[in-house]
Amino acid sequence: MKFAVITHVNHILQANDYFGYAPYVNEMNIWFKYVDEVIIVAPIKNGVPTAIESAYKHEKIDFRKVPDFSFTSFSRIFSSIFKLPIIFWKVYFAMKNADHIHLRCPGNMGLVGCFVQVLFPNKTKTAKYAGNWDSQSKQPFTYNIQKWILNNTFLTRNMEVLVYGNWKNQTKNIKPFFTATYSESEKEIIVKESLNSEINFVFVGSLVSGKNPLYAIKLVEKLARNGKSVILNLYGEGAEKESLKNYIQENNLQNFVILHGNKNKEVIKKAYQQSHFVILPSKSEGWPKAIAEAMFWGCVPIATKISCVPFMLDFGNRGILLEMDLNRDIDEIESIIFHENNLKNKSILAQSWSQNYTLELFETEIKKLLLK
């Protein structure tokens, strides 16, 4: 089988290996186990791989470079007009050469892929929509176009669209899905330390306004002002890093709010194991890996009511759904801290739920999609 992937993920070429964002690449390597040849249509950037990037693993990869493009400003829109014909042709020929077409959405390349796949109604196709599938959520116009095309069974034929969450009134090609990080062999019961000494919080994600790391800091700051012994470890890089540093220094939070930058999978795993809570006050998510991963190690999630997060937290039974009102959210967190048995119950429920979604189950489901 010749398998074509259309993705917006930026890649780095080093020593004949193609590197990309690790969670995405690690997932694609599972898909690649069941195909003979791979065609990847994606942009390439200069640089060296970082701790959060991994390499594809396949002997036959035909990488077809396209220019990066976006519609975020007038100048970018103008330059994109000249790039799009080249991109459309490369995507078209990749799909023409493939036995199975796989789109990664939402994204600019996913948008192009959504249009071009209409020309191949008889080819087997899958799309992974890694964003928020909730039709009621406010999203960019280009995301809504992708969702509309993927939902339309006249335009989009012979495709299974993998989405996060179980949503009502969906077309027959929409399939609720999940993602996974840990294997069956890694399962273990984690008993968290008592809250009497120190309460450990962790934030894992890009330090950008969309992930709202400042709100995570303010939550822990407020708990500290209320007399709690707390610590917040933040893992990630991003545009907000300097402003977060300034906020930490200006408010004398250095002793209990720590920015660690990007770290590898093993460091993050240990951080989850040592934490009582994981915080993600994000404005938009698909299946937030930081939440699912932390729950695997018994962290009680504190997250916003977006996308499939309410499903993941069983509407508050195995975590805390943020209202984004600092005082109300602090009251909710303190009510759990004051009743440690409640915390332990939520931790057990979180761990039990997340440990259902292992890499083995994930691979089994992908294999079913490819070998139909």
Restraint check, Lys192/Lys270; Lys83/Lys138; Lys211/Lys367; Lys96/Lys175, Cα-Cα greater than 23 Å: Lys83/Lys138; Lys211/Lys367; Lys96/Lys175
Selection from Ser185, Ala292, Leu369 lying farthest towards where the dipole of the chain points positive, charges on Cβ: Leu369
The chain, relative contact order in percent, only Cα pairs under 8 angstrom and at least six apart counted: 14 percent
Virtual spin-label span in nm between Glu323 and Glu193, 7 Å along Cα→Cβ: 3.2 nm
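What does the charge add up to near Arg64, with Lys and Arg as +1, Asp and Glu as -1, over the other residues with Cβ less than 15 Å from its Cβ? Please list the in-between numbers first.
Working: positive: Lys2, Lys60, Lys65, Lys83, Lys90, Lys96, Arg104; negative: Glu37, Asp62, Asp68.
Charge balance near Arg64 sits at +4.
Work out the length of the dipole vector of region 185-354 about its Cα centre, built from +1 on the beta-carbon of each Lys and Arg and -1 on the beta-carbon of each Asp and Glu, and round it to the nearest 20 debye.
Values: 20 positive and 20 negative charges, 49 e Å.
Roughly 240 debye for region 185-354.
Under unit Cβ charges (Lys, Arg +1; Asp, Glu -1), what dipole magnitude, rounded to 20 debye, does the chain have relative to its Cα centre?
Values: 44 positive and 35 negative charges, 256 e Å.
Charge dipole of the chain: 1220 debye, to the nearest 20.
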Beta bridges by DSSP in the chain, antiparallel share as percent, to the nearest 5: 10 percent
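Report the longest stretch of the chain that contains none of the GluC sites (Glu not before Pro) sitting in a DSSP loop with at most 14 other Cβ atoms within 10 Å.
Values: sites that count: Glu59, Glu188, Glu193, Glu198, Glu323.
The answer is 60-187.
Order these by the 10 Å Cβ neighbour count, fewest first: Leu84, Leu223.
Working: Leu84 15, Leu223 20.
With the fewest neighbours first, Leu84, Leu223 line up as Leu84, Leu223.
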Nearest-0.05 FRET efficiency for Lys305 and Lys2, computed from C-beta distance (R0 51 Å): 0.75
Charge dipole magnitude, Cβ of K and R +1, D and E -1 - region 215-304, Cα centre, debye nearest 20: 180 debye
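Since every read-out is calculated from the coordinates, none of them should be taken as a lab result. None of these values were measured; they are calculated from a predicted model. Cβ sites come from the backbone with ideal geometry, for glycine too, and all protein chains shown count toward neighbours.
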